[in-house]
Amino acid sequence: MSLNKFIVLSRSVRRGRNLFAARVAQTGEYLYQFQSQRFIRSSSRSLAYAKDLFLGKVNKKEVFPYPEISNEELEELNQFVQPVEKFFNESVDSAKIDREANIPPETLDGLKELGLFGIQIPEEYGGLGLSNTMYARLGEITSLDGSIAVTLAAHQAIGLKGILIAGTDAQKAKYLPKLATGEHIAAFCLTEPGSGSDAASIQLRATLTEDGKHYLLNGTKFWISNGGWADIMTVFARTEVVDKDGQKKDKITAFIVERAFGGVTSGKPEDKLGIRGSNTTEITFEDTKVPIENVIGEVGDGFKVAMNILNNGRFSMGGAGAGVVKKLIELSAEYAGTRKQFNRRLSEFGMIQDKFATMALNVYVMESMAYLTAGMMDRPGLPDCSLEAAMVKVFSSEGTWICVSEALQVLGGLGFTKNYPYERYLRDCRILQIFEGTNEILRMYVALTGMQHAGKILTGKIKEMKKGNLGVVFEILGKKIKDTVQTADFGLTGKDGVVHPSLTESAKMFEQNAACFGSTVEGLLYRYGKTIVDEQLLLKKVADVLINLYAMTAVLSRSSRSISIGLRNHDHEVLLTNTFCKDAHFKNNYMLSQLQRYSPENDDANIKKIAQDVLAKRAYICSHPLERTF
Amino acid sequence: MSASHHLLRLQCVRCLSHFLGTPVRQVILPGRAHLQTPGSQHIYVQLLRPFHRSAVCSTDRQNRTDIEKLVEDETHHKDKTLVTHDDIFDRAAGDSKTKVEFNRVVDVFKSKDIRRRGHVEFIYAALKKMPEFGVECDVTVYNKLLDVFPKEVFVPQNFIQRMFNHYPRQQECGVQVLEQMENYGVMPNIETKVLLVQIFGEKSHPIRKFQRIMYWFPKFKHTNPYPVPHVLPSDPVDLAQFCLTRIAADLDAKITIYQYPSTDITETGEEITRPHIVGIQSPDQRSLLAKHNPCKPVFVEGPYPLWLRQKCVHYYLLRADPIPPEEKVEEEIDPEMICPEQSLFFPQRVELDLNVDMGDDHSFNVDEVEEGAVYAMCMAGQGDQATLSQWISGLQETCPILGQIPTVFRLESGPRELQTSTDDHQRPEQESETDQIIEDDEEPRHSQGVKQ
């Protein structure tokens, strides 16, 4: 015990040396406790909140009460937050970074000193060893500069994550310490010129040398963030693997590649719309010799590694988006409060107020979703929050885009100029909808994964029904009648309810949507079976409903907690929650009715036809309004 | 009341006599004379229209008088017999049958007789002759023809005239002019309408016909999704490019000009003409060809006809036999990449034991007949094997695999040849479509050869 204490103490001393000298005095006892608590993993639990929504079930235990961190963690976090915030406010010149398309070295050094290059690397390897929740909190601040946020994310959310989650102890010991201090920068090399959306076309090849000790990498990777700076790269390549039947197959394997291995050349940095300070290049590997010890995980397991890295990194975008929008609310609110038009302040106009309400609602939902998901991931057990993380990413990337655009609109023409940061934020946040899996792919992923989950359980029942098994048919009919007579009740409200009574109405709306969603999914499975994969327009709606449901859950859970423990301005939270839930409820109702058979609201056939007509000619095909025929 | 009744009866009688073919001239004449004689009105009308007279017409006095004489002869003739005006065009034009000549004949007819006697016959004759003069698609010529009708004479003056078929022969003739325009797809213009209104009045049969044409023509103008221009490119290379893109119907397909047409004169004075070779191939076709089994031959086939309005061109295909089902190789994709539960690239299938429900299965049962792949197409100035092998060697630059595949030429007789004896089963339509018979059969009908 005392030995442990000593280790922890020494660790924190090491970390404290950088900036937090004050922390050393507080030290060890509680730190040890929460550290050990944080890393306990038991494999019994399997999270399935979003997936179970597809079955019409609400696993309220997973999301209620809203996850919180201990006081000690909070205190620790706040000590990180203050200096980082100070640094970003005082030492980072975002306009200059954007203008010169480069992050100055002194800024990078400052980030390194703050330890921001190793936020999630365990302390034994010299990192800060923070949990996902705390990472999300820091992400709120780092996102104030898009270029820095992307550089940091490419480094640790994806670049070195492979070593962290699937690397051997030797690999960790060798690479993590230098990565944690920022001495080495990491990059994640997956995308290739020919493979944007189709992994099967990864062409970069790794061939085993004759002595069997090295792999030779040959090929090109595209759009690699930090590509020009990275010293350590996680590279995905095709390797020949002999499978069980003795057949040779191409499988993807992940490698740790050091630039020092030779044969690695980076191209010219791409000139981008936003996040201009981040370094995005092409990387070419030419007979790069990689020792076999540098394989991450098993040979041929690269795809799983890539997915784990990406699936769990996405949640942080919620925090990042919220950070940006909160900042912009402050900036634009100041303008709206001072600028006068027609002898009235801008803030008195209804349409301007509407914009601020939209922004506040979106931030609130983004935050709630991000920290709920982060909390789920931090819980002991095997966290499989990929669905939730994907939903956070989709919702917050789109919400951020809308909010930044609205904030810009408040300033009108001024917002459009480079004198104000709005246009830069607008450009920067556009990438959120594109990288780490485009929103389209993630919607498909969310919808199909859920469909698969529901399908496994419902297939038998649906088959019986199709066969005309009277028992099953009557059972379902009975259930339907029951559903129509009494409203759905998942026990969120009322006696033993988990939602605060002042949110009862919103909770009811959520329950109603959730129940309807379950039966709609069943209907879709009944109607389309496995051909559902081709119904992308339906799946998009399914995904949107699910995202709304998850968002409703998050705000209900968060505001219930806020009321119960009496957080400041919790009445405002209630207002936001009720407003959002009502809005989402009606949107869901509309989408769910579109998903019914023969729905008059559903225009998918027309939409497809329009697109086909246009795409067949690859142009807008209507005649010009000024055309004549005689 | 009774007066109007009386009038009505009188009108009826007149119309009746009209129908019977004995025009009651005494009654009508005053009105007519009144309309026609004061020239002011007539001139006014003439001024309104942009009236084009050909320059030749006014200068060539001598010729004109000839025609005048002819016309006179005709009309003179006509008094005795029922000869039409057909000959006048033939005789007037002589050898050169052009728009100018045609216009001149019409002008002469118009200027000859103020009363335009026999104009209906003249117009019918002119309509018949239009294709000969190559003016059947020219709206200005039709307008000129309509201009032959005297103005305002046939416009009904009162409701009784309006009610009955006023001047049926003339109206019918007017309709016939429009009918011919319709048949040749000529869209009337505003001048046509002005003329028709002046000649027949607002609610006459020709105007109705005009309105119907104007209702349907614009509607049908763009119904063809693959329009052929009226004037085709004259350069054979341009024409070939146009045709090949039209057949390929693939926006990715790329045209390659393997050889431009040229004529060289060698030292010995021999003339060597190099025919044009224009080919088209899409990326899909290229990748299909790259996967072709080199043991199986590919075929160069043709010529196949393609009609563009009046013109027929021929093209050649490079194709293969369909792959027998047992030799087909299914491309295997790593199931890991497309399975559900993966978010990198979206899941491409769900593993469910459920199929689409009957009520939602909107697919048709289409019986698909498998055919061999077509790898490329070309058009060439000559359809002989030497020219086409040049095309194949040009294709090899992008598809090196063609070098290993045996190429079989299965060529029908060239486009300008027709075998007099139809000896075998192959392609009867090929023979019927060509119209010239060339006696000396230079090329064998089926030139078959294997090029390695």
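Per-structure values
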| quantity | calculated |
| --- | --- |
| Low-density loop positions, trypsin sites (Lys or Arg not before Pro), segment A:464-570 - DSSP coil, at most 12 other Cβ in 10 Å | A:Lys495, A:Arg568 |
| Potential lengthening between A:Asp571 and A:Leu208 on full extension [0.36 nm per residue; Cα-Cα distance subtracted] | 124.3 nm |
| Long-range lysine pairs (8 or more apart or interchain), segment B:191-292, Cα under 20 Å | 7 |
| Shape box of chain A [Cα atoms, principal axes, largest first, Å] | 79, 73, 67 |
| For segment A:186-304, size of Cβ-based charge dipole, Lys and Arg +1, Asp and Glu -1, in debye | 220 |
| Scaled radius of gyration (Cα, divided by 2.2 N^0.38 Å) that segment A:571-630 gives | 1.94 |
| Inter-site label distance for B:Ser96 and A:Thr338 at 7 Å from Cα along Cβ, in nm | 8.6 |
| Listed pairs A:Lys467/A:Lys530; B:Lys128/B:Lys311; A:Lys393/A:Lys541; A:Lys96/A:Lys272 exceeding 20 Å between Cα atoms | B:Lys128/B:Lys311 |
| Karplus (6.51, -1.76, 1.60) ³J(HN,Hα), θ = phi - 60°, over segment A:298-310, in Hz, Gly and Pro reported as x | 8, 5, x, 9, x, 5, 5, 4, 4, 5, 4, 4, 6 |
| Normalised contact order of segment A:186-304, rounded percent, pairs of Cα under 8 Å and 6 or more residues apart | 30 |
| Hydrodynamic radius by Kirkwood, which averages 1/r over all alpha carbon pairs of segment A:186-304, in angstrom | 14.5 |
| Residues B:Ile199, A:Ile621 arranged by fewest to most Cβ contacts within 10 Å | A:Ile621, B:Ile199 |
| Per residue convex hull volume, Cα atoms of segment A:390-514, in Å³ | 184 |
| Placed amide H near B:Asp250: partners under 5 Å, 5+ positions off or other chain | none |
| Label-point gap, in nm, between A:Asp496 and A:Leu477 - each point 7 angstrom along Cα→Cβ | 3.3 |
| Packing-based order for A:236-242, A:385-391, A:469-475, using average beta carbon neighbours within 10 Å, highest first | A:385-391, A:236-242, A:469-475 |
| Calculated FRET efficiency for the pair A:Thr358/A:Gln486, C-beta based, R₀ 35 Å, to 0.05 | 0.50 |
| Those GluC sites (Glu not before Pro) in segment B:251-300 that DSSP places in a loop and that have at most 10 other beta carbons within 10 Å | B:Glu267, B:Glu270 |
| Unit charges on C-beta of K, R, D, E only; dipole of segment A:441-614, Debye | 480 |
| Under 18 Å from the Cα of A:Lys60 - lysines, other chains or at least 8 residues apart | A:Lys51, A:Lys495, A:Lys508 |
| Cα extents of segment A:115-222 along the three principal axes, largest first (Å) | 45, 32, 21 |
| Amide H contacts under 5 Å for A:Asn279, placed H, 5+ residues apart | A:Asn226 |
| Neighbour-count order for A:Ile252, A:Ile563, fewest beta carbons within 10 angstrom listed first | A:Ile563, A:Ile252 |
| Debye, to nearest 20: dipole size of chain A, +1 on Lys, Arg Cβ, -1 on Asp, Glu Cβ | 1120 |
| Residue order, fewest to most surrounding Cβ atoms within 10 angstrom, among B:Cys243, B:Cys312, A:Cys189 | B:Cys312, B:Cys243, A:Cys189 |
| Rounded to whole Å, sorted largest first: equivalent-ellipsoid semi-axes of segment A:67-120, Cα gyration tensor | 27, 11, 10 |
| Additional length obtainable on full extension of the chain from A:Lys609 to A:Ser593, 0.36 nm per residue less Cα span | 3.6 nm |
| Kirkwood hydrodynamic radius of segment A:441-614, from inverse mean 1/r over distinct Cα pairs, in Å | 17.9 |
| Fully extended contour minus Cα-Cα distance, from A:Leu382 to A:Glu348, at 0.36 nm per residue | 7.2 nm |
| Those residues of segment A:566-591 whose amide nitrogen sits under 17 Å from the label point placed on A:Glu505, 7 Å along Cα→Cβ | A:571-587 |
| Average Cα contact separation per residue, segment A:441-614, under 8 Å, 6 or more apart, as relative contact order % | 26 |
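Readers should treat all values here as calculations from the given coordinates under stated rules, not as data from a laboratory. Predicted model, so just to flag it, every value in this text is computed and none were measured. As a convention, Cβ positions derive from the backbone with ideal geometry for all residues, glycine included, and neighbour counts pool all protein chains shown.
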